[in-house]
Amino acid sequence: MAKKKSEKKEASHGIPMMYQTGECGYFPEQKAITVITRFDWIEEESESLFSDCIVYNELAQQGFRRYNDILYSNVCENCRECIPIRIPVRAFEPSKSQRRIVNKNSDVEVVTVYENERFYTEEKIQMFREYYNRHNKDSKDYKARTRQDALEELKEMNSGYGGTLNLEYRVEGKLIGVSVIDLLFNSKGRIIGLSSNYFYYDTAPETLKRSIGVYSVLYEIEYCLANGIPYYYLGLYLPHCRKMNYKINYKPYELFLDGFWTDSIGLEMCPEVVENYLFVKNDEALDPSVVLKFPEPKILYDIEDICLVTSTISLQYLYSAYMQGVFPWFNEFDAQPVLWQSPEERFVIPIEELHVSKSTKKFLKHNPYTYTMDKAFPDVIRLCSEQKREGQNGSWIGPKIIKAYTLFHEAGYVHSFEVWHEDKLVGGFYGVLIGSIFCGESMFTIEPNSSKSAFVLFAQAFKAAGGKLIDCQSYTNNMARYGAKNISRKEYLTLLEKYKNTPLAHPIQDLL
């Protein structure tokens with residue numbers, strides 16, 4: 001209602017994410033749009049000692065990559081080529097050709113290096129320079145790297161995060177390859193992921209014959225297995241980029257599609273899934289028989305419970321979210337991505353405990369307004385977005401929210417309640433109806449007592465129709481007056497599971 005969003009506004013500054021545009025590194029004719037956050041911002045906003053490690057791990061699980069102190073995810077318009085890929089190492093089985101490459105490199109010694117000053121020794125600087133110049137000489141904007149350029153780039157690549165190490169691949173002491181690796185830690189300090197950040201190698205013919213790049217991946221998968229690390233993050237898979245589409249040769253793999261990790265076994269059975277992902281971005285399709293499983297909420301920051309970070313709000317996402325007690329809340333005007341949230345505490349009104357004050361009852365006896373349902377949804381959500389709220393600079397309801405909830409309204413799940421005075425819209429609210437639970441979203445008031453009286457009449461009609469629970473999402477004084485109380489996430493999910501498939505006995509509009 002006219003509620004949670006103003007109180008969460010200050011908290012939104014604890015999610016320091018923004019969009020950045022630039023040239024695409026894979027398709028030169030295209031512009032790249034990237035969601036980024038920085039480790040220094042995270043550390044400022046969090047009181048956790050290892051907040052950077054924890055956040056990095058959580059965001060890596062949602063497709064983010066690292067460069068220096070920046071975590072980023074590509075969210076380009078009209079292009080979905082950059083697909084994060086990871087290997088569940090316990091299930092990995094090398095192919096015959098991969099086993100031959102392992103045998104071919106049986107004389108390779110791998111040295112693990114943790115000391116920062118050893119990340120850019122003279123032999124690494126020279127090898128990286130030659131590698132870069134060889135591999136980029138045919139690109140449109142190619143400029144040969146000098147020694148100093150190579151040094152600065154290695155420093156950038158290897159700094160910004162404390163969990164970085166190098167794996168040096170050597171034959172009889174000679175350096176032939178280097179992996180820049182990031183360790184991913186959970187909140188208990190356990191390493192649960194290894195992220196391959198970059199690999200560069202000697203360009204001499206005898207090294208090229210070794211397929212040292214393939215060997216490095218195979219070795220690092222084995223490294224994960226030997227050290228009890230469940231996932232090896234292989235970066236980005238680009239189906240139509242020759243340099244980046246080799247990564248699906250390591251099987252089984254998982255691809256991060258539409259916010260969820262999908263295993264290669266299912267993808268190979270239904271190869272059209274990836275093609276549909278790449279070329280058919282249909283936000284208007286909804287299949288109520290399909291509920292996309294959201295990840296468990298993880299506390300990325302001290303003040304927010306985040307399940308998922310995406311760049312869009314598809315109709316299937318929205319439906320699946322409400323069926324699992326999740327909702328999108330973010331500030332589009334602060335250039336935030338879509339943050340899908342499941343609060344640790346939920347502010348709800350059990351309908352049998354609805355409280356209506358004497359003053360409201362008195363007002364309703366001499367009520368100057370008329371009320372309707374679903375007669376002016378576009379106007380209601382627009383006026384909610386324009387409502388001035390104490391402590392809030394601007395609105396959380398931006399174009400993405402308006403488009404998504406309009407589609408959800410057209411699908412029959414979002415409802416608006418309007419208050420009229422002499423044919424003028426003077427108040428109202430909207431929310432999501434799932435079974436016999438109503439999730440209030442936002443409210444606006446132009447004339448006194450308009451939305452307040454609308455909410456009371458709605459709540460009474462909702463109760464008479466067989467409604468069980470009104471979800472206010474988070475605490476407000478306004479909803480507390482009607483008997484709202486905090487319950488735990490676990491309690492809320494239990495009630496949701498009980499009532500989400502129980503339809504109302506009567507249409508609400510018949511009882512208003």
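When you check Tyr371 against the structure, is it crowded, with 20+ Cβ neighbours inside 10 Å, among the hydroxyl-bearing types (Ser, Thr, Tyr) and over 30 Å from Glu77 (Cα atoms), yes or no?
Considered against the rule, which asks whether it is crowded, with 20+ Cβ neighbours inside 10 Å, among the hydroxyl-bearing types (Ser, Thr, Tyr) and over 30 Å from Glu77 (Cα atoms), Tyr371 comes out as yes.
Quick check on this structure: which one of Asn133, Asn78, Asn68 is within 27 Å of Cys24 (Cα to Cα), free of Cβ contacts under 8 Å to residues at least 24 places away in the same chain and within 33 Å of the chain's Cα centre (by Cα)?
None of the others qualify; the one that does is Asn78.
Search the range 457-466 for residues being under 36 Å from the mean Cα position of the chain (by Cα) and either within 11 Å of Phe347 (Cα to Cα) or not basic (Lys, Arg) (or both), and hand back the single one that is surrounded by the fewest Cβ atoms within 10 Å (Cβ to Cβ).
If we take residues in the range 457-466 being under 36 Å from the mean Cα position of the chain (by Cα) and either within 11 Å of Phe347 (Cα to Cα) or not basic (Lys, Arg) (or both), then Gly466 is surrounded by the fewest Cβ atoms within 10 Å (Cβ to Cβ).
Go through the residues of the range 159-171 one by one and say whether even a single one is in contact (Cβ under 8 Å) with a residue 24 or more places away in the chain, open to solvent by less than 50 Å² (accessible area, probe 1.4 Å), closer than 27 Å to Phe27 by Cβ and touching a strand residue (DSSP E or B) at 6+ places or on another chain (Cβ under 8 Å).
The answer is yes, given that some residue of the range 159-171 is in contact (Cβ under 8 Å) with a residue 24 or more places away in the chain, open to solvent by less than 50 Å² (accessible area, probe 1.4 Å), closer than 27 Å to Phe27 by Cβ and touching a strand residue (DSSP E or B) at 6+ places or on another chain (Cβ under 8 Å).
Taking the criterion of being assigned to a loop (DSSP other than H, G, I, E, B) and at pLDDT below 80, would at least one residue in the range 315-326 satisfy it?
No, because not a single residue in the range 315-326 is assigned to a loop (DSSP other than H, G, I, E, B) and at pLDDT below 80.
So which residues in the range 341-359 are touching a strand residue (DSSP E or B) at 6+ places or on another chain (Cβ under 6 Å) and of a type in the set (Lys, Arg), if there are any at all?
Hit for the range 341-359 is Arg346, nothing else.
Can you pull out every residue in the range 100-134 that is closer than 21 Å to Leu218 by Cβ and open to solvent by 70 Å² or more (accessible area, probe 1.4 Å)?
Arg100, Asn103, Lys104, Ser106, Asp107, Glu109
Please work out if Leu469 is open to solvent by 40 Å² or more (accessible area, probe 1.4 Å), out of contact with any His (no Cβ under 7 Å at 6 or more places or on another chain), modelled with pLDDT of 95 or more and aliphatic (A, V, I, L, M).
So Leu469 does not fit the description; no.
So Ile299 clears everything in (1) at pLDDT 75 or above; (2) open to solvent by 70 Å² or more (accessible area, probe 1.4 Å); (3) touching a strand residue (DSSP E or B) at 6+ places or on another chain (Cβ under 9 Å) except one condition, right? Which one?
(1)
Could you give me the residue pairs with C-beta distances under 7 Å whose first residue belongs to the range 110-125 and is touching a residue at least 60 places away in the same chain (Cβ under 8 Å) and under 19 Å from Ile212 (Cβ atoms), whose second residue is hydroxyl-bearing (Ser, Thr, Tyr) and open to solvent by less than 50 Å² (accessible area, probe 1.4 Å) wherever it lies, and which are 6+ apart or on separate chains?
Note: pairs meeting the criteria are Val110/Tyr169.
When you check Ile87 against the structure, is it buried (at least 17 other Cβ atoms within 10 Å of the Cβ), closer than 24 Å to Glu222 by Cα, touching an Asp or Glu at 6+ places or on another chain (Cβ under 9 Å) and modelled with pLDDT of 90 or more, yes or no?
Yes: the conditions hold for Ile87.
Kindly establish whether Ala204 is surrounded by fewer than 20 Cβ atoms within 10 Å (Cβ to Cβ) and of a type in the set (A, V, I, L, M).
Considered against the rule, which asks whether it is surrounded by fewer than 20 Cβ atoms within 10 Å (Cβ to Cβ) and of a type in the set (A, V, I, L, M), Ala204 comes out as yes.
Among what's in the range 146-156 and is surrounded by fewer than 20 Cβ atoms within 10 Å (Cβ to Cβ) and touching a residue at least 12 places away in the same chain (Cβ under 8 Å), pick the residue that is farthest from Gln126 (Cα to Cα).
Glu156
For the range 326-368, how many residues are over 16 Å from the mean Cα position of the chain (by Cα) and either open to solvent by less than 40 Å² (accessible area, probe 1.4 Å) or under 30 Å from His421 (Cβ atoms) (or both)?
Residues that pass the stated criteria total 21.
So is Ser195 surrounded by fewer than 15 Cβ atoms within 10 Å (Cβ to Cβ), in contact (Cβ under 8 Å) with a residue 24 or more places away in the chain and of a type in the set (Gly, Ala, Ser) or not?
Against the criterion (surrounded by fewer than 15 Cβ atoms within 10 Å (Cβ to Cβ), in contact (Cβ under 8 Å) with a residue 24 or more places away in the chain and of a type in the set (Gly, Ala, Ser)), Ser195 does not qualify.
Just checking, does the range 125-141 include any residue being in contact with a Ser or Thr (Cβ under 6 Å, 6 or more places away or on another chain) and farther than 20 Å from Glu168 by Cα?
yes
Could you list, in sequence order, the residues of the range 332-372 that are assigned to a loop (DSSP other than H, G, I, E, B), within 30 Å of Lys403 (Cβ to Cβ) and in contact with a helix residue (DSSP H, G or I) (Cβ under 9 Å, 6 or more places away or on another chain)?
Passing the criteria: Gln336, Ser342, Pro343, Glu344, Tyr369.
Would you check if there is a residue in the range 177-189 being among the acidic types (Asp, Glu) and open to solvent by less than 20 Å² (accessible area, probe 1.4 Å)?
yes
When residues of the range 216-233 are filtered for being open to solvent by less than 20 Å² (accessible area, probe 1.4 Å) and either more than 21 Å from Phe64 (Cα to Cα) or in contact with a Phe, Trp or Tyr (Cβ under 7 Å, 6 or more places away or on another chain) (or both), how many remain?
6
Which members of the range 23-37 meet the condition of being in contact with a strand residue (DSSP E or B) (Cβ under 9 Å, 6 or more places away or on another chain) and open to solvent by 70 Å² or more (accessible area, probe 1.4 Å)?
Residues satisfying the conditions are Glu23, Gly25, Tyr26, Lys31.
Restricting to the range 445-455, and then to whatever is in contact with a strand residue (DSSP E or B) (Cβ under 6 Å, 6 or more places away or on another chain) and of a type outside the set (Gly, Ala, Ser), can you tell me which residue is surrounded by the most Cβ atoms within 10 Å (Cβ to Cβ)?
Ranking the candidates gives Thr445 first.
The values are calculated or read from the model by the stated rules, or taken from the named source; none is laboratory data. What you see is a predicted model; the values in this text were computed from it and never measured. Positions of Cβ are backbone-derived with ideal geometry, glycine not excepted, and every protein chain shown enters the neighbour counts. The accessibility values were calculated without ligands, DNA or RNA, using every heavy atom of the protein model including side chains. Shrake-Rupley method; radii C 1.70, N 1.55, O 1.52, S 1.80 Å.
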